[in-house]
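First comes the structure, then the notes that go with it.
No lab work stands behind these numbers, since they all come straight from the coordinates. These numbers were taken from a predicted model, which means no experiment stands behind them.
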Amino acid sequence: MSIRGNPGAAEQQAHNVGVHIPTDQPAVPGGGDSKSVAMQAVIRAAQSVDADAAKTCNRSVDAIRLGLADAAARVTAADQQGAEAVEQSTYT
């Protein structure tokens, strides 16, 4: 007995759930005067916080994707077990 599920579609849906946030940052503007150096420090600190937040968000997206893919696999396995139980049943 075959089941009519489409695990490939479920995996694709899991992949499409979230989008990663880019972790690359633009170059910090140059300049050697004291005001430019202070601005560079502020920009670098903000970029560091942004990069850390993006990495955390991206890890969460990955976890959601894995969870959805695992859920689809569990449903498919349960459906298959149910189909096998029905097929092997002697109840008429």
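Listing for the model above:
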| read-out | value |
| --- | --- |
| Over the chain, relative contact order from alpha-carbon pairs under 8 Å, at least 6 apart, % | 50 percent |
| Cα long-axis angle, helix 34-88 against the chain (0 to 90 degrees, to the nearest 10) | 0 degrees |
| For the chain, radius of gyration divided by Kirkwood radius, i.e. Rg to Rh on alpha-carbons | 1.43 |
| Highest-fluctuation residue, SER48, SER34, SER60 considered, GNM on the chain with Cα pairs under 10 Å | SER34 |
| Angle between the chain longest axis and helix 7-16 axis [Cα atoms, degrees, rounded to 10] | 20 degrees |
| Rh (Kirkwood; distinct C-alpha pairs) - segment 31-76, Å | 13.3 Å |
